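Novice: First the structure, then my questions, so here it is.
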Amino acid sequence: MKKFLLSTLAFLLISVSVFAQKPQKLTSNQIYEKVQKLNFLGTALYIAAHPDDENTRLISYLSNNVKARTGYLSLTRGDGGQNLIGPELRELLGVIRTQELLAARSVDGGEQLFTRANDFGYSKHPDETLEIWNEEAVLSDVVWAIRNFKPDVIINRFDHRTPGTTHGHHTASAILSVAAFDIANDSTKYADQLKYTKTWQPKRLFHNISTYSFKSQAAFNDATKDLMSVDIGEYYALKGLSNNEIASIASSQHLSQGFGRLSTRGSQKEYVEFLKGDSLIVENDVFSGINTTWSRLKKGASIGKILKDVEDNFNFVNPSKHLSKLMLAYSMMSDLEDNHWKTIKEKQIKEIIEACAGLYIESSANSSSGTPNSKIDINFEVLNRSDVNMQLTSIVSELDSIEIFKGFNLTKNEKFTFKETFSLKTDSYTDPYWLRKEATLGMYTVDDQALIGLPETPGISKITYKLIIDFIPITITKNVIRRYAERDKGEIYEPYEVLPEVTTKIKNKVLIFSDSISKSINVAIRAGIPFVQGKVSLKVPEGWRVTPAEINFNIEQKEDVQNVSFLVTPSKDPSEGKLEVIAVSKGESYTKELVEINYNHIPKQSVLLNSEAKVVRLDIQKVGNTIGYIKGAGDAVPESLRQIGYSVEIINPIDINEENLLKYDAIVLGIRAYNVVDELKFKQKFLLEYVAQGGNMIVQYNTNRNVDVAAPFPLKLSRDRVTDESADVLILAEDNPLMNFPNKITNEDFNGWVQERGLYFPNIWHEAYVPVLSMNDKGENMKLGSLLIAKYGKGNYIYTGLSFFRELPAGVSGAYRLFANMLSVGKEVSK
């Protein structure tokens, strides 16, 4: 049994990792479970604010135990957080976390929905959140989700009655859910939506109570003693896994947030509080009193009778024995008047029919991308592995609406392969739809109502197969993919994407000019088709100059890159602006950069962003040259420091000893280094000795979760933060070198900061530390721990929670000047 459990766990993990695009091939157990879900006509929607807010234990329980259609509405895509697996932040991080949510749902059996809300970072109160988000717009999106998903029950992760006690996004998600529950059935509210959908009234609204809201276990026990509870530790023999094991695997997909964790087993309670709607008839059943059988639908009872017989007498050895009844039930679904359930159940039963027949259908292109209005060669494979009579009558390309007749009899286990060429008749790309237009701080811009809430851009490249199975017509639609093999990875599946003929890229998104000397700026030009040629130029801000005016490019091979260089001369005085790349080929202008995101646990992502960079003419002085950088959770600070002339070397913590640090003018630890680099606890003695001998050590923020930064003098990290990026800053230590050498720091240096001032400030420290700055959010006490400096031996130790990891990549001038002072402190003595 242990071996079986381990192999099942391994299968689940692999299925959402390297082979994230590989089509699922269902076992008999999985087919049976899908038949069970086919026979349950009830829907639950879980609502919260971010990726990782969802309770995968309850989602998995509803999906796998109750068999309900279960969705998670995450109001944001998690764009404002940090990234523990790579350098991507903001919109690129949102793309990663979207895919991690989809990976989690592929494990726990749920579906994923979103709103247009932009995760702008930590918020201390829902009033601020709703103002920045545009409350009316996000509420309309929640209503839209309810009207489309049509949940019988809604479960909120957070409590709408406790503003100011948790992240403002959290409470706001519950506030909006409560409001939407009341108005989703009101045809006078958001009436424009009713062109595409219908009003809907959920039956019940619940709050999923969690221990984190209480100061003690005793308080939690007291609050939940009379509430509805379910045991989410249920063991599923068909899976060889318990519900909480599945939930652990699902939440472990949130790797960019460091959520990889051990699976858990055994009895465990989840509590939900009834908020409003129809009273419960049966205790501990959120669906009690709601008809969740096929008799819920007009003309549904007869279908349900057929499918219940399939479930009760399921043949695990040969599921194809049920194809005749499944096909009969499928044909009867065409008479259903409820289009919502008709669409859902037809999709479900088609998947079951395909699996019972052992039917393999594949549309594979020779490459992973094409361009609008180009030709695409597709390799087809169709295989029937059952005894059931089956024919492939034709295929229909949704690319160009062409139907090609085949008339094949699909003999058992006889593979049919053929090739066809189609045209990509589209002007659209397959990039993330919510990133196509400029966003505001709080909202993504999506004009197409049909796209709002979708986790991904709908696939453009689809092929519909028209078949006859057991003398009944049926259609099955498949996305075009690319399937190939690599010797060190095996078989790989990638999504087929539609991308521009030409994309360009400037490596650094912020170009810092610390003086008036010209810099050579490289532009990489990528061909999306063979034999592409044209001209590329740069558009620079007023007062800046670029030579030459344009450069010719000529690229023969698809996906090849040609690099060209321009000489950019900044303005004489401090200024900033935007440098834009414009490529012209065959009279068409191309202004996009292609960003490819490729991690093992999610499918490959292709994102199109504006091909541009921020340019800053900066008034800055620095002392010292060579910086040692110890990476933490992932940031772009090393690249930013190189922009102002520092030589930055990445230090492997394993290699640290008492001698090899002495060559550095300063040592910098990346964000959350003590949280994620275990080796540091063994090397801290060498780092502190480096400081004692006259070195300069800068430690950027760490979270306060089970971490010891092992500073030379005690300090205690807290959850103190200043989320208002424009909050007033008071310079406490005006005479401290940090504020004066080699750059004079004033309040103007704190203008233009992005997202926040800083986070996880210390709130208790030894008297050896000098607090340099004071700041606070509106209505709060002053926070003094954002920047601390202590003399230790001959050197200086600096701890800072200021968000340099956001400010430097954003080109914030004052942040560069202050960081240069931190690197230079102590050098004024030997000036």
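Every number here is computed from the coordinates shown, using simple stated rules; none is lab data. Note that the coordinates shown come from a computational prediction; the quantities given were computed from them, not determined experimentally. Cβ atoms come from the backbone with ideal geometry, glycine included; neighbour counts cover every protein chain shown.
Novice: What is the magnitude of the charge dipole of the range 107-197 about its Cα centre, with +1 placed on the Cβ of each Lys and Arg, -1 on the Cβ of each Asp and Glu, and no other charges, expressed in debye to the nearest 20?
Specialist: Computed charge dipole of the range 107-197: roughly 140 debye.
Novice: Could you run the Karplus curve 6.51 cos²θ - 1.76 cosθ + 1.60 with θ = phi - 60° over the range 271-282 and give me ³J(HN,Hα) per residue in whole Hz, x for Gly and Pro?
Specialist: Each residue of the range 271-282 in turn: 10, 10, 9, 6, 9, 6, x, 5, 5, 5, 8, 10 Hz.
Novice: Return the Rg/Rh value of the range 241-355, two decimal places, where both radii are evaluated on C-alpha atoms and Rh is the Kirkwood radius.
Specialist: Here Rg/Rh amounts to 1.07.
Novice: Taking amide H atoms as placed 1.01 Å from N in the peptide plane, list the residues 5 or more away in sequence, or in a different chain, whose amide H sits under 5 Å from that of residue 72.
Specialist: Long-range HN contacts for residue 72: 46, 111, 112, 113.
Novice: Something else: Would you kindly compute the Cα radius of gyration of the range 502-617 and its largest Cα-Cα separation (Dmax), both in Å?
Specialist: 15.1, 48
Novice: Quote the charge dipole size of the chain about the Cα centre in Debye, to the nearest 20; the model charges only the Cβ of Lys and Arg (+1) and of Asp and Glu (-1).
Specialist: My answer is approximately 1520 debye.
Novice: Can you run phi through the Karplus equation (6.51, -1.76, 1.60; θ = phi - 60°) for the range 119-126 and list ³J(HN,Hα) in whole Hz, with x for Gly and Pro?
Specialist: 6, 8, x, 5, 10, 8, 8, x
Novice: Can I ask one more? Where Rh denotes the Kirkwood radius from the mean inverse Cα pair distance, what is Rg over Rh for the chain?
Specialist: Result: Rg/Rh = 0.99.
Novice: Which one, 389, 376, 522, is farthest towards the positive end of the dipole of the chain when Lys and Arg carry +1 and Asp and Glu -1 on their Cβ?
Specialist: After comparing all options, I get 389.
Novice: Could you run the Debye sum over the Cα atoms of the range 497-538, one equal point scatterer each and no solvent, and tell me log10 of I(q)/I(0) at q = 0.16, 0.24 Å⁻¹, two decimals?
Specialist: Each listed q maps to, in turn, -0.57, -0.92.
Novice: How large is log10 I(q)/I(0) at q = 0.10, 0.21, 0.23 Å⁻¹ when the Debye formula is applied to the Cα atoms of the range 127-219, each weighted equally and without solvent?
Specialist: With no solvent term, the Cα-only Debye profile gives -0.29, -1.02, -1.14.
Novice: Set Lys and Arg Cβ to +1 and Asp and Glu Cβ to -1, take the dipole of the chain about its Cα centre, and tell me which of 422, 551, 177 lies farthest positive.
Specialist: Final value for the positive-end residue is 422.
Novice: Mind ranking 314-320, 624-630 by how tightly packed they are, going by the mean number of other C-beta atoms within 10 angstrom, highest first?
Specialist: The packing order, highest mean first, is 624-630, 314-320.
Novice: Same structure, new question: For the range 42-291, just say rounded, prolate or oblate: build the C-alpha gyration tensor, square-root its eigenvalues into a ≥ b ≥ c, call rounded for a/c under 1.5, and beyond that prolate if a/b exceeds b/c, oblate if not.
Specialist: The shape class here is rounded.
Novice: Given charges of +1 on the Cβ of Lys and Arg and -1 on the Cβ of Asp and Glu, with all other atoms neutral, how large is the dipole of the range 626-830 about its Cα centre, in debye to the nearest 20?
Specialist: With Lys and Arg at +1 and Asp and Glu at -1, about 260 debye.
Novice: Quick one, can you get me the convex hull of the C-alpha atoms of the range 353-485 expressed as volume per residue in Å³?
Specialist: 144 Å³
Novice: I've got another one for you. Stretch residue 657-residue 522 to full length: gain in nm at 0.36 nm per residue minus the Cα-Cα span?
Specialist: Stretched out fully, the residue 657 to residue 522 stretch lengthens by 44.8 nm.
Novice: Could you work out the Kirkwood radius for the range 626-830, taking every pair of different alpha carbons, averaging 1/r and inverting it, reported in Å?
Specialist: Computed over the range 626-830, the radius equals 16.8 Å.
Novice: Moving on. If you find the alpha carbon centre of the range 610-661 and of the range 511-590, how far apart are they in angstrom?
Specialist: Measuring centre to centre over Cα atoms gives 25 Å.
Novice: Please report the spacing between the Cα centers of the range 745-814 and the range 199-278 in Å, no decimals.
Specialist: When both Cα centres are located, 38 Å separates them.
Novice: Name the long-range amide H neighbours of residue 206: under 5 Å, sequence gap of 5 or more, or other chain; modelled H, no Pro or chain starts.
Specialist: HN-HN under 5 Å from residue 206: 154, 155, 156, 275.
Novice: Going by alpha carbons, how many degrees (0 to 90, nearest 10) lie between the helix axis of 28-38 and the longest principal axis of the chain?
Specialist: 80 degrees
Novice: I need the shape label for the range 374-415. Rule: rounded when a/c is under 1.5, else prolate if a/b > b/c, else oblate, with a, b, c from the alpha carbon gyration tensor.
Specialist: Prolate, because a/c is 1.5 or more and a/b exceeds b/c.
Novice: Helix-only mean residue ellipticity at 222 nm, the chain, DSSP H runs n ≥ 4 weighted -39,500 (n - 2.57), per residue, nearest 500. What is it?
Specialist: After summing the helix terms and dividing by residue count, I get -6500 deg cm²/dmol.
Novice: Output the relative contact order of the chain, whole-number percent, from Cα pairs under 8 angstrom with separation of 6+ residues.
Specialist: Dividing the mean separation by the residue count of the chain yields 10 percent.
Novice: Suppose the chain between residue 403 and residue 748 were pulled fully straight at 0.36 nm per residue; how much longer would it get relative to their current alpha carbon spacing?
Specialist: Once the chain is fully extended between residue 403 and residue 748, it gains 117.7 nm.
Novice: Ordered by packing density, taken as the mean number of other Cβ atoms within 10 Å over each peptide's residues, highest first, how do 579-592, 458-471, 499-512 rank?
Specialist: Ranked from most to least packed, the peptides come out as 499-512, 458-471, 579-592.
Novice: Right, another one. What is the antiparallel percent of DSSP beta bridges lying wholly in the chain, to the nearest 5?
Specialist: 75 percent
Novice: From the phi of every residue in the range 522-538, what ³J(HN,Hα) in whole Hz does the Karplus formula 6.51 cos²θ - 1.76 cosθ + 1.60 yield, where θ is phi - 60° and glycine or proline is x?
Specialist: Ordered by residue, 3J(HN,Hα) equals 8, 10, 9, 10, 10, 8, x, 9, x, 6, 10, 9, x, 10, 10, 9, 10 Hz.
Novice: Something else: Given H placed 1.01 Å from N in the peptide plane, which residues other than close sequence neighbours of residue 426 have an amide H under 5 Å from its amide H?
Specialist: Those qualifying (amide H under 5 Å, at least 5 residues apart or on another chain) are 373.
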